[in-house]
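To start, the structure itself, in C-alpha cells.
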Amino acid sequence: MKQIILVFATAIYLLSCQNQPVSKWETLKLIQDNPLVTHINLGDPAHGHGDGSSFEAPLRDTLGNIVGEALGWTVTVDIMDGDLTNPKILKERIGTSVFNLGDENEIVGSRITSYYDGEQRLKLGLPQVYPIMGGTGKYKGIEGEFSATRQADSSYVYIFNFKMSD
C-alpha cells in the first residue's frame, strides 16, 4: 500500500512540475488611411506648448478591406534641446491611440514622439515603436508593442506584436 501511495505522490509531483503554457506572440498588420487631423491651438500662431491634436482614420487589413478605425489625441510639450548658443526646440507629442476593430474589440496604445524644425508628422519610412497599454473584447489582457511607419501617400502602416495574458 505504501508503494502505491509513493508512486501516486511521485506522479502528482512530476505533473505539477511541468512547464505552464506560454502565450504565443502574434503579429497583426493594419494600414491607416491618411488621417483627418484637427489641431487645437492655445493662442500662439505656431503649434506649440500645450496645444493638442486629434486624429481619426479608417483602418484596413492587408487586402484593403476596412476593418476598423484609428482614433487618437496628442498634447505638445516644447523642450529646449542643445545649449544657449545653439538652442533647438524639440516638440514632444504625448498621446494615446485607440484602434477600434469593431464589436467592442479595441487595442489601446500610448506614445511619445519627438519633432524638430517644424515637423508635423512622423518621418517618412522611419518606424516608431510604442507600447500597447491594454485592450477590450477579444484583446482584453493584451500586452506588447506596435510600430507606426508613415508612407509616401500619407497612410500609416501599423505592425502590432502582441500576446494575450494567461
query = Given labels modelled 7 Å from the Cα in the Cβ direction, how far is it in nm from residue 69 to residue 114?
reply = 3.4
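So which of 24/123; 88/123; 29/138; 91/138; 91/140; 29/123 end up more than 27 Å apart by C-alpha? Please list the in-between numbers first.
Working: 24/123 32 Å; 88/123 18 Å; 29/138 17 Å; 91/138 35 Å; 91/140 33 Å; 29/123 19 Å.
The answer is 24/123; 91/138; 91/140.
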ask   = What is the calculated FRET efficiency for residue 121 to residue 86, with r their C-beta to C-beta distance and R₀ = 35 Å, to the nearest 0.05?
value = 0.90
ask   = For the pair residue 79 and residue 27, what calculated FRET efficiency results from E = 1/(1 + (r/R0)^6), where r is the Cβ-Cβ distance and R0 = 35 Å, to the nearest 0.05?
value = 0.55
For the stretch 70-166, Kirkwood radius (reciprocal of mean inverse C-alpha pair distance, Å) = 14.8
ask   = By how many nm would the segment from residue 145 to residue 157 lengthen if fully extended, with 0.36 nm per residue of separation less the alpha-carbon distance?
value = 2.9 nm
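Values quoted throughout were computed directly from the atomic coordinates according to the rules given, and no laboratory measurement underlies them. These numbers were taken from a predicted model, which means no experiment stands behind them. Cβ coordinates were reconstructed from backbone atoms using ideal geometry, including for glycine residues, and neighbour counts include every protein chain displayed.
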